[in-house]
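Structure first, commentary second.
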Amino acid sequence: MTQAAATEKRKRKSSPHREERKQRRMVRRAKSDPAWWTENVLGDKPWPKQAEILNALVDNREVNVRSCHSAGKSWVASRAALWFLFNHPRSLVITTAPTARQVRGIIWREIATAHSRSRVPLGGDLSTTALRISEDWLALGFTAADHDPDRFQGFHAKSTLVIIDEACGVSEQIDTAVDSILSGEHCRLLRIGNPTDAQTPFGRAFAKQQGARFKISAFDCPNFTSFGITEDNLDDWRDLQGAQALPYPTLVNPEWVHLKRKQWGAGSPMWAARIAAEFPAEGDNVLVPLHRIESAQLAELEPVGPISWGVDVARMGADETVIVERRGPVARVLATFRKLDTMQVAGRIARLFAVAEEQPSRINVDEIGIGAGVLDRLTELDLPVVGVNVGTAASDRERFANLRAEIFWTLRERFEAGEIDIEEDDELASQLASIRYLITSSGKVQMESKREQEGSPDRADALSLAFVSSRPDITRTENLEFGDFGLRSSPWNF
């Protein structure tokens, strides 16, 4: 080969041809390796299980991920959304979740963060819940309301990705509507969430072994695997971690899981869903299933009407004295005390009453045992106190063994109807999910005795008392009315 020919050959191999070939290889790699794209384009490094989930979207029409609490679910979902959108021309990405807060405040906040910090500028017009590259190339986020599956109609593209965050909270109707838009040539569905209800499309996807399936328990997360911490050696987590820092400080950590095992118990529904990433094996006699509790935590109902307090009194030991404030369908834990005698408890309640911005029209106190002393003192102070003896007969004696069963069953019906709004309190949720009922030989509903439960359900008891309405046979005060005050749609912030 002459020198001139060799020079010409080198020119052909040089830019721009070589650069074009390199770009084509990178485009092919990006499309076939989402984890690589996330790391090299966005500048974010997924840990191994996250990388597996992202890469499963390449060849699987459906990917289902059941996850523990704080395992980076929304992080994965947001990176999947950006990868699909920017590697499939004129594609459509839809993200949805049960509530607007989850859509705007969680997954789309993650999308905005990743988009703005991307190592390679991505472009597009980003707003609160939309990212538009062109009129037929975009990502959108909106809520999956049970009553509005039509919101999913009219979306069609050759390449479509639908991401359902907190998938157990999405109804059968919405899941069917989502499936109807996944009819294009290249469509993908990513469901991800805590496994709280096996009787949902998300739960059945695992039972029927649909698509690619992943489980992320707390013990699969890098804050555990990095130190060899397992469920069996969890008690030794301090020794195993030593002085080393957590590799992912924002993810679930051993100290929190160790605490929750003591609080909830390893066999509880909360442990199953939030730690082990398993669907709770809830029997027919669970008073309030975990998915109903989580729906109430996500509810945004309007607090209307008078205020009432429910007070469950404890004295010394590990139990809590708990005050729950209720206004219409909305209830919040107002205060908790430990290791106070009855006069101190009464004094705390009186002080809270005196400084309240709006005072309660009634204070329902469990008068069994030491609660009687608190009740007597608050009566003496002329507070609007009502003694409730849950061991007395129910008003509907044909259905309920006693008043406690009637009160809790009424509370259960509120959860079933979606007529209650509670805070995201893990201890309250755990106690509610652990209460069971039985049917007596005479066919009456009866609550499992407190002796059969692990720990006293102080917060659940106070919640139930907050929803007690006036009845002559359970009150010491005449002519107090506390009705049902209807529902609205805005949150109640303390």
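May I ask you to list the residues in the stretch 32-47 that are in a helix (DSSP H, G or I), closer than 19 Å to LEU251 by Cβ and without any contact (Cβ under 8 Å) to a residue 12 or more places away in the chain?
Selection gives GLU39 alone.
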(Q) Quick check on this structure: which one of GLN173, GLN199 is part of a loop (DSSP other than H, G, I, E, B), over 25 Å from ASP59 (Cα atoms) and not assigned by TED's automatic domain parsing to the domain that holds PRO269? (A) GLN199
Q) Looking at (1) more than 21 Å from the chain's Cα centre (by Cα); (2) closer than 30 Å to GLY203 by Cα; (3) modelled with pLDDT under 95, which is the one condition that is false for PHE84? A) (3)
Q: State all residues of the stretch 23-40 that are of a type in the set (Val, Ile, Thr) and either at pLDDT 95 or above or on the phi > 0 side of the Ramachandran plot (or both); if no residue qualifies, say none.
A: THR38
**Q.** Enumeration of residues in the stretch 266-275 that are assigned to a loop (DSSP other than H, G, I, E, B), surrounded by 18 or more Cβ atoms within 10 Å (Cβ to Cβ) and not hydroxyl-bearing (Ser, Thr, Tyr)
**A.** ILE275
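With respect to ALA144, is the statement that it is buried (at least 17 other Cβ atoms within 10 Å of the Cβ), touching a helix residue (DSSP H, G or I) at 6+ places or on another chain (Cβ under 8 Å) and modelled with pLDDT of 95 or more true?
Criteria not met by ALA144.
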Q) How many residues are more than 20 Å from GLY72 (Cβ to Cβ) and in contact with a helix residue (DSSP H, G or I) (Cβ under 6 Å, 6 or more places away or on another chain) when one looks only at the stretch 239-257? A) 0
Q: Might you check whether a residue that is under 28 Å from ILE111 (Cα atoms), in contact with a Cys (Cβ under 7 Å, 6 or more places away or on another chain) and not basic (Lys, Arg) occurs anywhere in the stretch 173-183?
A: no
Q.
For the stretch 85-109, give me each residue that is free of Cβ contacts under 8 Å to residues at least 40 places away in the same chain, within 23 Å of ILE181 (Cβ to Cβ) and surrounded by fewer than 20 Cβ atoms within 10 Å (Cβ to Cβ).
A. ARG104
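State which residue is surrounded by the fewest Cβ atoms within 10 Å (Cβ to Cβ) when the search covers only the stretch 276-296 and only residues that are in contact with a Leu (Cβ under 8 Å, 6 or more places away or on another chain) and part of a loop (DSSP other than H, G, I, E, B).
So the residue we want is ASN285.
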Q: Would you check if GLN263 is surrounded by fewer than 19 Cβ atoms within 10 Å (Cβ to Cβ) and in contact (Cβ under 8 Å) with a residue 60 or more places away in the chain?
A: yes
Q | Which numbered condition SER14 fails, given (1) out of contact with any Leu (no Cβ under 6 Å at 6 or more places or on another chain); (2) at pLDDT 95 or above; (3) among the small types (Gly, Ala, Ser) | A | (2)
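The values are calculated or read from the model by the stated rules, or taken from the named source; none is laboratory data. None of these values were measured; they are calculated from a predicted model. We place every Cβ from the backbone using ideal geometry, glycine too, and count neighbours over all the protein chains shown.
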